[in-house]
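These notes are about the structure you will find just below.
The values are calculated or read from the model by the stated rules, or taken from the named source; none is laboratory data. Quick caveat, the model's predicted, so the values are computed rather than measured. Note that each Cβ is placed from the backbone with ideal geometry, even for glycine, and that neighbours are counted across all protein chains shown. Heads up: the accessible areas ignore ligands, DNA and RNA and are worked out on the full protein's heavy atoms, side chains in. Shrake-Rupley method; radii C 1.70, N 1.55, O 1.52, S 1.80 Å.
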Amino acid sequence: MDDEVPVLNLLRMVLEKTNMVTVEGAYTDPQEALENIKIIKPEALFLDIEMPEMNGLELAERLVEHDPDLMVVFVTGYNQYALEAFNVNALDYLLKPVTPQAIQKCIARLNKLKGINDAARPEESKKRIYCFGDFQVIGENGPVTWVTRKVEELLAYLIVNRNTNLDGWELGGALWPEAEPDRVKANLHTTLFRLRKTIKEEGLPIEILSAKGRNGTYHCTLNHLSCDLLEFEEAVVGSDIISNSNIEKWERISSLYKEDLFLKKDYRWCEAKRAWLRQRYLNMLLHMAGFYEENGHYQKAVQTLLKAAEKEPFDEEIHRSLLYACHHQKNAALMTKLHQEFIQRLAREMSITPQLETTDLYRRLMGIG
């Protein structure tokens, strides 16, 4: 985090361009960062030292007290704080202007330290499945390397359809839609054998039961194995009314959705599920943004709506909500920037202009006659 927005945006851009890290959040308000970081639980934190209200050293000390494994990197224009920085377990101390080379070197150190910390943790705590974005399974030996892509895809299908009885032809047809029936049956048996073998070798508590019958049925249970998709789907926040008592729960669940389901995989059978989860995530963001606005947390509202706009960049209702949030935040500069980008995006990608309602709202909020 940094109290200067241009510097903050530049740092974020440099970090993302490395393709070595995922930026979970960026903040100019130390108090807001303190609240959100406790929810997001990042592995590393990039902090400025000179900030109003609460300096970076104090913020780092409070966060490390809450999470001793948090890795802290200070990014500042002053070198006189180096000794104090390392007294709060800072991993690195970068002087502005920060170069991409310095960032890459720093991230390499972060990853090396992360590997040491991971090795010290109990094996069971490391086993996990990630379905949002790239599909990744972490077993006893680290990230699982699959014998074939179909073995990986079979597990993905079973996870999405867990705790249900699956007809063998339905399962085989989803993975091999163009194959002959005899070939589908042979492929399924071979792939299932390889999957069970890998599950056993990796010590994963996944159980795949088979029942004999005309077509055969299969039933997959994850047995309490940590999985972001399960946590997201099983959360009951969708039926909750947001309040101060449960907003942290909403924030934690929404943070599980890094990218769309199996984004980097060409699984045609999951398109409907992917769209449903995406819409649920968008609904969560819009409800959260409404709660923030009602309670005067306008910066949080803007940040949440920006996430929604990233998913639906041509949605006029989301854009109008963003204009309102910027207006309440008294940030005319950001409102103008976002609106101009929206106009350009519509023209470039769809050859249209914003709806009259959107244009009128912008002019009214900006006081343009």
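For the reader, a short list of remarks on this structure follows.
- Among SER226, SER243, SER254, residue whose mean-square fluctuation peaks in a GNM of the chain (springs only between Cα atoms under 10 Å): SER243
- Local electrostatic count at ALA332 - Lys and Arg +1, Asp and Glu -1, tallied over other residues with Cβ under 14 Å: +4
- Members of LYS17/LYS249; LYS273/LYS311; LYS264/LYS311; LYS265/LYS300 lying beyond 21 Å, as alpha-carbon distances in this model show: LYS17/LYS249; LYS265/LYS300
- When all alpha carbon pairs of the chain are counted in 10 Å bins from zero, the resulting P(r) reads 4, 19, 26, 25, 17, 8, 2, 0 %.
- Euclidean distance between Cα centres, the range 283-332 to the range 135-203, Å: 40
- Once the 1.4 Å probe is applied to the protein heavy atoms, the chain comes out at 55 Å² accessible per residue.
- For ASP182, ASP315, ASP92, the ranking by accessible surface with the largest value first comes to ASP182, ASP315, ASP92, using a 1.4 Å probe.
- Rounded to the nearest 10 degrees, the inclination of helix 316-328 to the longest alpha-carbon principal axis of the chain is 30 degrees.
- Placing +1 on the Cβ of every Lys and Arg and -1 on the Cβ of every Asp and Glu, with no other charges, gives the range 201-316 a dipole of roughly 420 debye about its Cα centre.
- Most positive-pole-ward Cα, ILE368, TYR27, VAL160, against dipole of the chain from beta carbon charges: VAL160
- Taking the chain and dividing mean pair separation by its residue count, relative contact order in percent (alpha carbons under 8 Å, at least six apart): 11
- For the chain, a Gaussian network of Cα nodes joined below 10 Å ranks ASP29, ASP240, ASP134 by mean-square fluctuation, and the top entry is ASP240.
- Taken about its Cα centre, the chain carries a charge dipole of about 1300 debye when Lys and Arg each add +1 at the Cβ and Asp and Glu each add -1 at the Cβ.
- Modelled spin labels at ILE368 and LYS41, positioned 7 Å past Cα toward Cβ, are 4.6 nm from each other.
- Cα shape, the range 285-369, gyration tensor, a/c 1.5 rule: oblate
- Residue-level accessible surface for HIS66, protein heavy atoms, 1.4 Å, Å²: 100
- Under 5 Å, built H, 5+ apart or other chain: amide partners of CYS227: ILE129
- Relative contact order, percent, the range 271-318 [alpha-carbon distance under 8 Å, six or more residues apart]: 30
- Per-residue ellipticity at 222 nm computed for the chain from its helices equals -17500 deg cm²/dmol, with DSSP H segments shorter than 4 residues left out and the rest contributing -39,500 (n - 2.57).
- The long axis of helix 271-294 is offset from the longest Cα principal axis of the chain by roughly 30 degrees.
- Heavy-atom accessible area, probed at 1.4 angstrom with all protein chains present, ranks GLU310, GLU35 as GLU310, GLU35, highest first.
- With a simple spin-label model that places each label point 7 Å from the Cα along the Cα-to-Cβ direction, the separation between HIS224 and ASN244 comes to 3.6 nm.
- Gaussian network model of the chain, Cα within-10 Å springs - most flexible of MET350, MET288, MET13: MET350
- Of all lysines in the structure, the ones whose alpha carbon falls short of 21 Å from that of LYS126, not counting any fewer than 8 places away in one chain, are LYS38, LYS41, LYS112, LYS114, LYS197, LYS200, LYS258.
- The range 137-272: C-alpha gyration tensor shape, a/c 1.5 cut-off, then a/b vs b/c: prolate
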